[in-house]
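The values are calculated or read from the model by the stated rules, or taken from the named source; none is laboratory data. Everything numeric in this text was worked out from a predicted model, so none of it was measured. All Cβ positions, glycine included, derive from the backbone under ideal geometry; neighbour counts span all protein chains shown.
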């Protein structure tokens, strides 16, 4: 190989199987060599490919980054480079490297280390490594790690999160932290997080070439099966990244849609989620679409059906969207009628709004002695719930629990849930619940305010409630309250939704801010929707 390489001025390479037989021969240029196309089939996560690459190097270089990338992406047994003597054409030193098994638990300590191990360089006649023994021991360790991971994380997606930004790294880190919360709420396992700051987003693959190679290597090492980008991707970007990585690729809006699909319980909630998914899917139906969108529509618009099938799929999706919109509009009219009946009864309406996972459902449960589903997960509440509350001075109100907000909420979701969000429009008072223990509390308040303004609901009187006050020290809590009051000018109350004794100032503030009609309450029941029930409760009894 060295002599032929010396005579032709080209790199010569071979791929050997574990019996030492030559399966591929490659002829490159003076500067590089190209691997054969193995197709889209990936090697098993528990094994290497069963091939080792040996090629010559005319420039007296050691293993290059391209060599190491090929080693990782193709999961080769070994990558070896033979340096060719520039005077005699005989082989000089041989440099070799192999991959290392890893686990997600080692990410913190291995963040700055290489995923390879380099063998001691030597001349060919003195290479004495037990190659078969080395490969068998590595594959045994990989199989053990994978088995442990499967036993611990059955049927859960293994995810790498990616953020590409042109702004400040601190903002990217905050956004990625929120994406991690969303991913955990979707019951997935986060293996790694990658942030790249670029002067300009790559229009094809979002990431730069070097970072994309790093992502590929990390996904191979950790056994990831899903990549989630912290931005909205175009259909062409999803296809390009999916083809390069051979992994499922989704973006932030689709992750939120997946969570909504998991959480929706009522018929109305399911209709609205399906409508949002269809609107998200329609522009992403393209000819020759691959597995990149397999999570979206259960096979609609699959590979190879041709233009006629594609147009048929698009027409079906448009028809389905039209059908769902009619059903949602019908439900909206029913909600409007129920709200009209409540207004006729002169019962003031209060809506709990706020960022997702701020504690709105917990506050509703504590105020009204209810058992509304509440969990420390993002978007635990999708279906609006109404309860009646009798205040200590014999005043009665209706309290609505609403879906939580989040920054960069997909437009398709806002449109689909407009019927639900209309519940807020008839409110006499908004209680804006804030997770005061969250380091991004101020930014979350601003995100909620922006959505309320977009929905033209920012003119309704509002109380900002700093929930989870028991998790903050007094100085930090007072500083946050002062900042919110100065920035927004709203009334601010500190509470802990799990401690009824802390809610008395809030209840008094509600009574003071609502203009009640003459005391002629009619206590017959109002018509309840699917996600609504009537419940009368005394706050004084709750406090006791």
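Summary table below
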| item | result |
| --- | --- |
| Looking only at region 460-481, and only at residues there that are in a loop (DSSP other than H, G, I, E, B) and in contact with a helix residue (DSSP H, G or I) (Cβ under 9 Å, 6 or more places away or on another chain), the one that is nearest to residue 171 (Cα to Cα) | 472 |
| Residue satisfying condition, being farther than 14 Å from residue 161 by Cβ, part of a helix (DSSP H, G or I) and either out of contact with any strand residue (DSSP E or B) (no Cβ under 6 Å at 6 or more places or on another chain) or assigned by TED's automatic domain parsing to the domain that holds residue 74 (or both), within set 262, 254 | 262 |
| Matching entry among 499, 481 (being modelled with pLDDT of 85 or more, under 17 Å from residue 435 (Cβ atoms) and surrounded by 14 or more Cβ atoms within 10 Å (Cβ to Cβ)) | 481 |
| Residue list for region 52-66, filter: surrounded by fewer than 15 Cβ atoms within 10 Å (Cβ to Cβ) and over 43 Å from the mean Cα position of the chain (by Cα) | 59, 60 |
| Residues being more than 13 Å from residue 68 (Cβ to Cβ) and surrounded by fewer than 18 Cβ atoms within 10 Å (Cβ to Cβ) - total across region 205-224 | 2 |
| Failed condition for residue 15, given (1) assigned to a loop (DSSP other than H, G, I, E, B); (2) at pLDDT 90 or above | (1) |
| Test result for residue 275, buried (at least 20 other Cβ atoms within 10 Å of the Cβ), farther than 25 Å from residue 161 by Cβ and either out of contact with any helix residue (DSSP H, G or I) (no Cβ under 6 Å at 6 or more places or on another chain) or modelled with pLDDT of 80 or more (or both) | yes |
| Region 235-251 - residue that is out of contact with any helix residue (DSSP H, G or I) (no Cβ under 6 Å at 6 or more places or on another chain) and part of a strand (DSSP E or B) and, of those, farthest from residue 202 (Cα to Cα) | 248 |
| Residue among 146, 152 that alone is closer than 21 Å to residue 218 by Cα, loosely packed, with under 13 Cβ neighbours inside 10 Å and at pLDDT below 85 | 152 |
| Residue in region 216-234 that is in a helix (DSSP H, G or I), over 23 Å from residue 143 (Cβ atoms) and touching a residue at least 12 places away in the same chain (Cβ under 8 Å) present | no |
| Residue selected from region 21-42 under the condition under 28 Å from residue 130 (Cβ atoms) and at pLDDT below 90, by the criterion surrounded by the fewest Cβ atoms within 10 Å (Cβ to Cβ) | 36 |
| Members of region 482-515 that are over 22 Å from residue 357 (Cβ atoms), outside any helix (DSSP H, G or I) and in contact with a strand residue (DSSP E or B) (Cβ under 9 Å, 6 or more places away or on another chain) | 491, 514 |
| Residue within region 472-491 that is free of Cβ contacts under 8 Å to residues at least 60 places away in the same chain and under 21 Å from residue 397 (Cβ atoms) present | yes |
